[in-house]
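Since every read-out is calculated from the coordinates, none of them should be taken as a lab result. Nothing here was measured: the structure is a model prediction, and the numbers come from that model. Glycine also receives a Cβ, built like all others from the backbone with ideal geometry; neighbour counts cover every protein chain displayed.
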Amino acid sequence: MAAEVLATAGNQVDVYDQRRSPARKFVLAGRGGLNITHSEPLDDFLDRYGPERVRLEAAISSFTPDDLRAWCDQLGHETFIGTSGRVFPKEFRAVPLLRSWLGRLGSLGVQLHSDHRWTGWNSDGQPTFESSTGATAVEADRTILALGGASWPRVGSDGSWQALLEGKGVSVKPLSAANCGVHIKWSDVMADRFAGEPLKNVAVVVDGAAVRGDPIVTRAGLEGGPIYAQSRRIRERLEAGIGTIEVDLVPDRTFDSIEARLSSKWRSADSTAKWLRNSGIAPVAASLMREATGNNLPKDPAEVAELTKAVPLTVTAMAPIDRAISSAGGVAWSEVDKSFELTKMPGTFVVGEMLDWEAPTGGYLLQACFSTAVCAARHIASP
Ligand SMILES: Cc1cc2nc3c(=O)[nH]c(=O)nc-3n(C[C@H](O)[C@H](O)[C@H](O)COP(=O)(O)OP(=O)(O)OC[C@H]3O[C@@H](n4cnc5c(N)ncnc54)[C@H](O)[C@@H]3O)c2cc1C
């Protein structure tokens, strides 16, 4: 995106990527439909960046979700708003959009150098690269680093830039998993019988904040939308030594209505499993309650009703970063100015997920990457 802005302004731009083809993570994001941005009002949109809103607000306000949608339109890839307000290209994947985009960059004269790994700077301050044909140094008036975080390293963003920047005295907050699953120590029964099953229409509650959705049981714990959305809170609690989260299995129902239903369905001849099933509690949800009580489910309808409203679970760890959707941490805000130029290295800019912000899924990740890139590039084009 930065290359496009700069080339449109008449600059010669060279893009280097260590993979054999560019934008692998963008293509990976396309497998889930490419949720490119979100349609909610800008003020609500900006709130999704939490404490980092203040850092990103100017960039996103000058290249907004509407601007991003217009950019897709101009490339011939109309977008639509899904039921949740999320925005997707009509094709629901990244490859056609990427093809058109690379075509446009090519026609603007942008040179793409794939299979070029950036390795730092030489003694003259020139960026250096390694490729299958050897090592090179490049003369550049300005450099924009857009090397991503450290999730899914096999698509190219491996976070190896951290050491290179730290070597120049740039402070980097260690990259950690964001928008990722959590580890919970399940019994063999839970892992063997229910891995892959969603907990339908529940609320995941952390620090009193509830996020609705359908988390999925995995062999290692839980993943899916509401867990990803809570991953920042869960990670911060884990850092403080607290691993508990709660799941409200019936967020649309009151304690009284559940207790009444459980009481009306109780038959002395029925097993607990049958009683719960007849009361509308799915086997996977019942199993979750068993996990939380050490397989000692209460028999009293009021106690079970209470449990359905807040099943306590103990998270032991966040899932590893290599399977996370995005990374928290990155280049510290104290190191960059308003146009994301490194204060210790004038002429070098840092954009996208390399910077120290995080956001939930919903299109907020790609939007901030695009907006920070546009901001840096516009500053270079017209300082
Ligand atoms: C499975 C998955 C699904 C996702 N879905 C969505 C979604 O629907 N919506 C959304 O908003 N976000 C989504 N994301 C997140 C989004 O893809 C990222 O936030 C975004 O791609 C980050 O952009 P970036 O330009 O900062 O870095 P990246 O897209 O990670 O690109 C960094 C590039 O730098 C290259 N690179 C790294 N180090 C070097 C080096 N030393 N030398 C040369 N090249 C190097 C890499 O090869 C890579 O091509 C998803 C992520 C994943 C993993």
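Tabulated data for the structure shown
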quantity	calculated
Built amide H within the under 5 Å cut-off of G329, gap 5+	S176, W357
Convex hull of Cα atoms in the stretch 238-284, direction-averaged projection (nm²)	4.8 nm²
For the chain: relative contact order, % (alpha-carbon pairs under 8 angstrom, 6 or more apart)	24 percent
MRE, 222 nm, helices only [DSSP H, n ≥ 4, -39500 (n - 2.57), over the chain, to nearest 500]	-10000 deg cm²/dmol
Stokes-Einstein diffusion coefficient of the stretch 150-207, Kirkwood radius over Cα pairs, 4 °C, 1.567 mPa s, in µm²/s	84 µm²/s
Zone residues, the stretch 99-126, relative to S21, backbone N less than 11 Å from point 7 Å out along Cα-to-Cβ	99
Residues with amide H under 5 Å from that of V311, placed H, sequence gap 5 or more	V247, D248, L249
Whole-angstrom Cα spans of the stretch 228-383 along principal axes, big to small	78, 28, 24
Cross-link reach list, lysines versus K185, counting only Cα pairs under 24 Å and skipping chain neighbours closer than eight places	K200, K309
Added length on full extension, which subtracts the Cα-Cα distance from 0.36 nm per residue, T272 to I242	7.7 nm
Under-5 Å amide H pairs with K185, H placed in peptide plane, nonlocal only	T316
Per-q log10 I(q)/I(0), the stretch 96-156, q = 0.26, 0.28 Å⁻¹ (Debye; single scatterer per alpha-carbon; no solvent)	-1.20, -1.20
Over the stretch 101-255, equivalent-ellipsoid semi-axes from the Cα gyration tensor in Å	44, 19, 15
Principal axis dimensions, the stretch 182-318 - Cα atoms, whole angstrom, descending	46, 30, 23
Distance histogram for the chain (every C-alpha pair counted, 20 angstrom bins, percent rounded to whole numbers)	26, 49, 21, 4, 0
³J(HN,Hα) computed for each position of the stretch 149-160 - Karplus, 6.51 cos²θ - 1.76 cosθ + 1.60, integer Hz, glycine/proline x	x, 9, 8, 6, x, 5, 8, x, 7, 10, x, 5
